[in-house]
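One structure is given below, encoded as structure tokens.
Please treat every number below as a calculation from the coordinates, not as lab data. Remember, predicted model here, so these are calculated numbers, not experimental data. Here the Cβ is made from the backbone with ideal geometry for all residues, glycine too, and neighbour counts use every protein chain on show.
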Amino acid sequence: MKKMIVAAAVITILLAGCNTTAGLTDITDALGKDWKLIEVHVNNRNTEFDRRSLVRDGFGDIFTLNIDAENISGVGAPNRYSAPYTVSEDDPLAVSIAVVRSTLMAPIYHPEKLREHEFFVYIQNTYKWGLLNGKLELHSKTAAGADVVMVFSL
């Protein structure tokens, strides 16, 4: 029963549709979709992921994200992961993601030199999210505190 109340509260907050700085809008339209990482910006260093090349090389399903009413989940490189999240009552773009849980397969490929562990750190350090021009953005920090923006596309 408590989970249902929390899920209803999260959905209500997301549906509030608040616009804030940087042009981001709430993530209501992001729920239940399979997002794929296409860019990572760390301290103004931009890394783009060529999803066509990843598919061609057999790695099309890595660095993905799905959001439901209670959890984020997806595939790192190569492990499946999930984590519960909470959205601020005052700002539907402010989010806190708990520690990522994942399977324990050994990675064999690090596209664009992004290690799965770094990806998980970025996910769990996310403090703001939203949609911008049809893309999902997660604003985060590295383990050392540097700014990170991860951009996902459908």
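Data for the structure
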item: Residue under evaluation residue 78, criteria (1) closer than 15 Å to residue 152 by Cβ; (2) in a loop (DSSP other than H, G, I, E, B), criterion not met; result: (1)
item: Candidates 149, 100, 121, filtered to the one that is over 19 Å from residue 41 (Cβ atoms) and of a type in the set (A, V, I, L, M, F, W, C); result: 100
item: Output for the stretch 135-154, where each listed residue is under 11 Å from the mean Cα position of the chain (by Cα) and acidic (Asp, Glu); result: 137
item: Search result, residues across the stretch 52-92 that are surrounded by 13 or more Cβ atoms within 10 Å (Cβ to Cβ), in contact (Cβ under 8 Å) with a residue 60 or more places away in the chain, among the charged types (D, E, K, R) and over 15 Å from residue 124 (Cα atoms); result: 91
